[in-house]
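K.L.:
Have a look at the structure that comes next, please.
The values are calculated or read from the model by the stated rules, or taken from the named source; none is laboratory data. Predicted model only: the values in this text are computed from it and were never measured. Here the Cβ is made from the backbone with ideal geometry for all residues, glycine too, and neighbour counts use every protein chain on show. These area figures cover heavy atoms from the full protein model, side chains too; ligands, DNA and RNA do not enter into them. Shrake-Rupley method; radii C 1.70, N 1.55, O 1.52, S 1.80 Å.
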Amino acid sequence: MPQFGESSEIFDLLRSDTDNAIDGRQLVMSFASVVAFSSTEKCKLAFDMFDADGSGYLSIDQIEVLLTCTHFSKRETLKKKAYNLLRLVGEKGTGGVSMKALTLGADKFPSLIFPSTKQQEV
């Protein structure tokens, strides 16, 4: 698990610039990324959390938010990774990534979507 000097750092990372609030979906996905779930389970959770319009695809914006949660980094630093993910596993003509494609991508390029984390000893 990434090391944070203070627990508030993760909240600062996820906090919205406009209203200083934290989106609960992002918080859940961040915690799920460090739990020993399978990549399939994490992809299902990602779709449950971020495919708000029910289109069956994650848009580039939704992918950027997902990567913010799983990489524990600011969104601006992950734009290139998001575009690479869309290029590698996105479905032509949709402008997005389906759950099936995200799952295949997570298995083929694990560090791109769900980078490995070291679990802390309790």
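K.L.:
Mind listing whichever residues of segment 51-90 are closer than 19 Å to LYS108 by Cα and among the basic types (Lys, Arg)?
P.N.:
Within segment 51-90, LYS80, LYS81, ARG87 meet the criteria.
K.L.:
Shifting gears a bit: Out of all the residues in segment 88-97, which are over 16 Å from ASP61 (Cβ atoms) and either small (Gly, Ala, Ser) or open to solvent by 60 Å² or more (accessible area, probe 1.4 Å) (or both)?
P.N.:
LEU88, GLU91, LYS92, GLY93
K.L.:
Let me ask you something else. Report whether or not PHE50 is among the aromatic types (Phe, Trp, Tyr), more than 13 Å from the chain's Cα centre (by Cα) and at pLDDT below 90.
P.N.:
No, not satisfied.
K.L.:
If you go through segment 81-98, how many residues are closer than 13 Å to LEU66 by Cα and among the hydrophobic types (A, V, I, L, M, F, W, C)?
P.N.:
Residues flagged as closer than 13 Å to LEU66 by Cα and among the hydrophobic types (A, V, I, L, M, F, W, C) within segment 81-98 amount to 4.
Table: residues versus (1) at pLDDT below 90; (2) assigned to a loop (DSSP other than H, G, I, E, B); (3) at positive phi; (4) over 11 Å from the mean Cα position of the chain (by Cα).
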| position | (1), (2), (3), (4) |
| --- | --- |
| THR40 | yes, no, no, yes |
| LEU45 | yes, no, no, no |
| LYS80 | no, no, no, yes |
| LEU86 | no, no, no, yes |
| ALA101 | no, no, no, yes |
| SER116 | yes, yes, no, yes |
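K.L.:
Need the failing condition index for GLN62 against (1) open to solvent by 30 Å² or more (accessible area, probe 1.4 Å); (2) more than 11 Å from the chain's Cα centre (by Cα); (3) at pLDDT 90 or above, just the number.
P.N.:
For GLN62, the exception is condition (2).
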